[in-house]
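Worksheet: the structure to be examined is printed underneath.
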């Protein structure tokens, strides 16, 4: 009887989860960057309401990024 060296199912699950997490976190952080850039542009053009909305989007995206990082740390330390 041969020993199983690599658990293929678990390996594929790990690859898929890391791909989804990597792309998702990159997307959420890019929204934060977009929000900050829009905030700066709209502030220079004297559009305070739109600038505030862009700042809110940036803050929410940064909170999403931080919560994703915290979730990843919790998942890694609990296994």
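Below, the figures for the structure above:
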item: By average C-beta atoms within 10 angstrom, highest first, the peptides 33-46, 16-29, 66-79; result: 33-46, 16-29, 66-79
item: Tilt relative to the chain, helix 48-77 - C-alpha long axis, 0 to 90 degrees, to 10; result: 20 degrees
item: Over the chain: helical MRE at 222 nm, DSSP H runs n ≥ 4 each giving -39500 (n - 2.57), nearest 500; result: -31000 deg cm²/dmol
item: Linear extension gain, residue 40 paired with residue 77, 0.36 nm per residue minus alpha-carbon span; result: 9.5 nm
item: Volume per residue that the Cα convex hull of the chain spans, once the total is divided by residue count, Å³; result: 74 Å³
item: In degrees, nearest ten, helix 8-44 long axis to first principal axis of the chain (Cα); result: 10 degrees
item: The stretch 25-77: relative contact order in percent, alpha carbon pairs under 8 Å with at least 6 residues between; result: 43 percent
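Values quoted throughout were computed directly from the atomic coordinates according to the rules given, and no laboratory measurement underlies them. What you see is a predicted model, and the numbers here were worked out from it, not measured in a lab. Cβ coordinates were reconstructed from backbone atoms using ideal geometry, including for glycine residues, and neighbour counts include every protein chain displayed.
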